[in-house]
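Contents: one structure, followed by commentary.
The values are calculated or read from the model by the stated rules, or taken from the named source; none is laboratory data. On a predicted model such as this, the values are computed, not experimentally measured, just so you know. We place every Cβ from the backbone using ideal geometry, glycine too, and count neighbours over all the protein chains shown.
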């Protein structure tokens, strides 16, 4: 089993999908005010990058034969 297949299996079931939706909500759907500091912006972008990586692994796992 590959790492992407493991991610796909991890997020396949209802609980995993709930966690994944929560991660999307607190990263992709979050906005900062114009007064946000450089550090705050960088921190949020790092979080978004990690969630994007997880989504990428899930997609790769699906292509390798694991369904979600």
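Listed values, structure above:
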quantity	calculated
Hits in region 13-31 - residues which are part of a loop (DSSP other than H, G, I, E, B) and either loosely packed, with under 12 Cβ neighbours inside 10 Å or at pLDDT below 95 (or both)	13, 29, 30, 31
Top-ranked residue in region 35-68 [being touching a residue at least 12 places away in the same chain (Cβ under 8 Å) and not in a helix (DSSP H, G or I); ranked as nearest to residue 2 (Cα to Cα)]	64
Number of positions in region 1-12 that are over 16 Å from residue 53 (Cβ atoms) and either in a helix (DSSP H, G or I) or touching a strand residue (DSSP E or B) at 6+ places or on another chain (Cβ under 7 Å) (or both)	1
